[in-house]
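Here is the structure we will look at.
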Amino acid sequence: QVQLVESGGGLVQAGGSLRLSCAASGRTFSTYSMAWFRQAPESEREFVAAISTSGASVYYVDSVKGRFTISRDNTKSTLYLQMNTLKPEDTAVYYCAARSGYPQVEEYEYDYWGQGTQVTVSS
């Protein structure tokens with residue numbers, strides 16, 4: 001199995017940027033497809049972005065396309081989410097997740113989860 005630890009969250013003004021990281025340990029990171037999900041207060045957890053094992057394929061929810069970039073460094077066993085032009089509606093706890101096989105957008109497809117990192121965007 002793999003253990004995941006997110007970092008990089010914080011408070012930022014609208015229009016600002018943050019970069020989230022997800023450090024993995026345990027089984028070989030490069031064998032897992034990875035994803036970011038987020039959960040706003042009183043809302044369901046939603047898919048944000050996913051990336052294939054090699055990083056060649058990426059997927060985004062429409063609301064973050066053109067603003068967020070998912071990437072990974074398999075040599076460092078780390079997943080990233082670069083978030084630019086942040087909006088108040090991006091406020092949420094952000095989670096990274098891992099699964100064997102192709103990237104998916106449904107949270108039930110993912111086997112391993114981090115504890116989450118809070119992102120708060122002020123207007």
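The values are calculated or read from the model by the stated rules, or taken from the named source; none is laboratory data. All values derive from a computational prediction rather than experimental measurement. As a convention, Cβ positions derive from the backbone with ideal geometry for all residues, glycine included, and neighbour counts pool all protein chains shown. Side chains are part of the model used for accessible areas, which takes the heavy atoms of the whole protein and leaves out ligands, DNA and RNA. Shrake-Rupley method; radii C 1.70, N 1.55, O 1.52, S 1.80 Å.
Across segment 71-86, a minimum of one residue is classified as open to solvent by less than 40 Å² (accessible area, probe 1.4 Å) and among the small types (Gly, Ala, Ser). Only one entry of 43, 25, 30, 63 meets the criterion of being among the hydroxyl-bearing types (Ser, Thr, Tyr), part of a loop (DSSP other than H, G, I, E, B) and either open to solvent by 30 Å² or more (accessible area, probe 1.4 Å) or in contact (Cβ under 8 Å) with a residue 60 or more places away in the chain (or both), and that entry is 43. Filtered by the rule that a residue be part of a loop (DSSP other than H, G, I, E, B) and either open to solvent by less than 30 Å² (accessible area, probe 1.4 Å) or modelled with pLDDT under 95 (or both), segment 6-21 gives a lone residue, 16.
For segment 97-108, the criterion of being more than 25 Å from residue 41 (Cβ to Cβ), open to solvent by less than 30 Å² (accessible area, probe 1.4 Å), touching a residue at least 24 places away in the same chain (Cβ under 8 Å) and not in a strand (DSSP E or B) is met by at least one residue.
Of the residues 120, 91, 85, 78, which single one is touching a residue at least 24 places away in the same chain (Cβ under 8 Å) and on the phi > 0 side of the Ramachandran plot?
Working: 120 fails: on the phi > 0 side of the Ramachandran plot; 91 fails: on the phi > 0 side of the Ramachandran plot; 78 fails: on the phi > 0 side of the Ramachandran plot.
Sole residue among the options that is touching a residue at least 24 places away in the same chain (Cβ under 8 Å) and on the phi > 0 side of the Ramachandran plot: 85.
Within segment 46-60, restricting attention to residues that are touching a Phe, Trp or Tyr at 6+ places or on another chain (Cβ under 9 Å) and not in a strand (DSSP E or B), which residue is least open to solvent (accessible area, probe 1.4 Å)? Full working, then the answer.
Step one: list which residues in segment 46-60 are touching a Phe, Trp or Tyr at 6+ places or on another chain (Cβ under 9 Å), which gives 46-53, 57, 59-60.
In the following step, the residues that additionally are not in a strand (DSSP E or B) were identified as 52-53, 57.
Working: 52: 16, 53: 50, 57: 46 Å².
Checked segment 46-60; the qualifying residue least open to solvent (accessible area, probe 1.4 Å) is 52.
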